[in-house]
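Enquirer: Sharing a structure with you now.
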Amino acid sequence: MMSPDDFKKSLKNMTTANKIVASWLAPYLVDEYFMDDRIIQLLSYHPAHKAHELEYLVIRIEPTFKTRQLCFKNISDPDEDSISYKSCIQNLFGRFCPIKASDMNIKQAFRIAISPYRCEFLRAHSTDGVSNCEHCDIICGKGTETPLHVDHVNIPFKRILADFLTSEHIDYSSIIVKHIGCNTHLADDYLKERWVSYHDSIVKYRILCGPCNTSFGADSTSE
C-alpha cells in the first residue's frame, strides 16, 4: 500500500478523488463480492474506522433511492454494513465534519421510515415501475432512458421533517439511530410511528421524470 501522503497525492484533491474512486467502483457489478487494494486503503481512512479485517466488499442497491451503495463485511461481524467512501476522502483531506455526517444518517433514517408509503404510491401509480411524468407527460422509469422520481408536492420533505421535530420538541442531538445491514433506522419505534403518521397526514406525492424534478430545484425534493 502507498504511504498516506503518496495516496493523498495520487487522488490530488477531493473533487478529483471522488471521480477517481467512482471509476474504481464502476466495473464491479451489484451483489458481486470483491476485494480491491485501492478501495481497502481508502476505507482505512474512514473516521469511525468501521472497516477492518475485511472479508469482502460488495455493491448493493440502496432501498430508498435505488442507487449503488458500497458495503463491506468484517470477518468478525455477523452482518454487512454500508460505508461512505466520500467520508473517507473527506477525512483523508482533513475535511470531514462529524456533525454533518450525523445529520445525514438521521435524515436517512427518517426517509427509510416512510419509504414503504412512497413505494405504495409508486405501485399504485405506475405499471412495473413505468409511468408518465405529471409535468411533461414523458414516459419514464424502469427500462426507459429517463429516471422516474416520486416527488413531494408543495411541501418538501426537509420542511415536513423540520416541522415535525419542532412540533415534537425534538433536537437532533437526542435522536438515536441503529444500523441494520446497509441501512440506517430510527432506534425509537414510538418516534418512528409518530413520524410516519405525521408525514402521511401531510404529504402529497406526484410522479416526475428526473429532468423535470431537477429543474424545479432543491426545494422540490424527491425521496
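Enquirer: May I ask you to list the residues in the range 18-57 that are among the charged types (D, E, K, R) and free of Cβ contacts under 8 Å to residues at least 24 places away in the same chain?
Expert: Lys19, Asp36, Arg38, Glu53, Glu55, listed by residue number.
Enquirer: Take the residues in the range 144-169 that are among the β-branched types (Val, Ile, Thr) and not in a helix (DSSP H, G or I), then tell me which one is surrounded by the most Cβ atoms within 10 Å (Cβ to Cβ).
Expert: Val150
Enquirer: Only one residue in Lys192, Lys142 is within 30 Å of Ile59 (Cβ to Cβ) and in contact with a Gly (Cβ under 8 Å, 6 or more places away or on another chain), so which one is that?
Expert: Lys142
Enquirer: Do we have any residue at all in the range 181-199 that's in contact with a Leu (Cβ under 8 Å, 6 or more places away or on another chain), at pLDDT 90 or above, surrounded by fewer than 18 Cβ atoms within 10 Å (Cβ to Cβ) and closer than 29 Å to Ala51 by Cβ?
Expert: Looking through the range 181-199, at least one residue is in contact with a Leu (Cβ under 8 Å, 6 or more places away or on another chain), at pLDDT 90 or above, surrounded by fewer than 18 Cβ atoms within 10 Å (Cβ to Cβ) and closer than 29 Å to Ala51 by Cβ.
Enquirer: Taking the criterion of being more than 19 Å from the chain's Cα centre (by Cα) and surrounded by fewer than 16 Cβ atoms within 10 Å (Cβ to Cβ), would at least one residue in the range 96-118 satisfy it?
Expert: Checking the range 96-118: not a single residue is more than 19 Å from the chain's Cα centre (by Cα) and surrounded by fewer than 16 Cβ atoms within 10 Å (Cβ to Cβ).
Matching residues to (1) modelled with pLDDT of 90 or more; (2) in contact with a strand residue (DSSP E or B) (Cβ under 6 Å, 6 or more places away or on another chain):
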{"position": "Leu57", "(1), (2)": "yes, yes"}
{"position": "Cys88", "(1), (2)": "yes, no"}
{"position": "Pro98", "(1), (2)": "no, no"}
{"position": "Phe110", "(1), (2)": "yes, no"}
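Enquirer: Which members of the range 141-181 meet the condition of being in contact (Cβ under 8 Å) with a residue 60 or more places away in the chain and more than 26 Å from Thr214 (Cβ to Cβ)?
Expert: Across the range 141-181, the qualifying residues are Tyr172, Ile175, Val177, His179, Ile180, Gly181.
Enquirer: Moving to a separate point now. Is one or more of the residues making up the range 64-83 assigned by TED's automatic domain parsing to the domain that holds His179, farther than 30 Å from Phe164 by Cβ and modelled with pLDDT of 85 or more?
Expert: Looking for residues that are assigned by TED's automatic domain parsing to the domain that holds His179, farther than 30 Å from Phe164 by Cβ and modelled with pLDDT of 85 or more, one finds none in the range 64-83, hence no.
Enquirer: Tell me, which residue of the range 73-97 that is of a type outside the set (A, V, I, L, M) and free of Cβ contacts under 8 Å to residues at least 40 places away in the same chain is nearest to Leu42 (Cα to Cα)?
Expert: Ser84
Enquirer: What residue, of Ala162, Ala187, is aliphatic (A, V, I, L, M) and over 25 Å from Arg60 (Cβ atoms)?
Expert: Criteria check complete, one pass: Ala162.
Enquirer: Does any residue of the range 27-46 turn out to be buried (at least 17 other Cβ atoms within 10 Å of the Cβ), within 17 Å of the chain's Cα centre (by Cα), among the hydrophobic types (A, V, I, L, M, F, W, C) and over 25 Å from Pro156 (Cβ atoms)?
Expert: No; the residues of the range 27-46 include none that is buried (at least 17 other Cβ atoms within 10 Å of the Cβ), within 17 Å of the chain's Cα centre (by Cα), among the hydrophobic types (A, V, I, L, M, F, W, C) and over 25 Å from Pro156 (Cβ atoms).
The values are calculated or read from the model by the stated rules, or taken from the named source; none is laboratory data. Bear in mind that the values here come from a model prediction, so they are computed numbers and not experimental data. Counting neighbours? That spans all protein chains shown, and the Cβs are built from the backbone with ideal geometry, glycine included.
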